[in-house]
Amino acid sequence: MNKAGGPSGGGGGAGSGPTASSAAAAAQKQRSLLQRLDNDISNIVDSFSLLVSVSRVNEPPVRNSQEAFLMEIRAAKLVQSADALLKLVSELKQTALFSGFASLNENVDCRIAAFDQEAETTEKILQRIGEEAAGSLKELESHYYSSVARNFAHE
């Protein structure tokens, strides 16, 4: 997982492609869900208004039985629309929950890439410091071994 985050952190353009496509997919899904929401709500309103318009009481018994049948049909359609709206709400909740995890994972991947880059920079700095210290130590050793003070210390 760390190795997969490393190369995408190194090439800035490579990381923006999947993010842009996932953002476009999320926008498309949002448009689709909003369209479904509009359709479900308009179906409920239409079914309710038709149910109210059919629910008049008339004198002829045949007419009443027809209206009762129409009322049952409109009520069934109203229940179906409400059920579809409940399913949409459930899907929206799941989408919100899982997209939260997706953005959290994306944030974690970005942080991992940043930390990998910082670790790489730190390694380079430490390597440079080590090389400078080794060079300074060699220089000090050569001065010490060639100095007059060393010769007096051994005598």
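Bear in mind these aren't lab numbers, they're just calculated from the coordinates by the rules spelled out. In this text the structure is predicted, and so the values were computed from the model without any measurement. Every residue, glycine among them, receives a Cβ derived from its backbone with ideal geometry; neighbour counts consider all protein chains shown.
Once both labels are positioned 7 Å from their Cα atoms along Cα-to-Cβ, the gap between residue 73 and residue 55 label points is 1.8 nm. Summarising the label geometry, the points placed 7 Å from Cα in the beta-carbon direction at residue 121 and residue 143 lie 3.3 nm from one another. Residue 124: which lysines have alpha carbons under 20 Å from its alpha carbon, excluding same-chain residues fewer than 8 sequence positions away? Cα-Cα hits under 20 Å: 3. Take the Cα of residue 24, step 7 Å toward its Cβ, do the same at residue 92, and the gap between the two points is 2.7 nm. Please list, or write none, the aspartates and glutamates whose alpha carbon is within less than 20 Å of the alpha carbon of residue 87, excluding same-chain residues fewer than 8 places away. Cα-Cα hits under 20 Å: 38, 40, 46.
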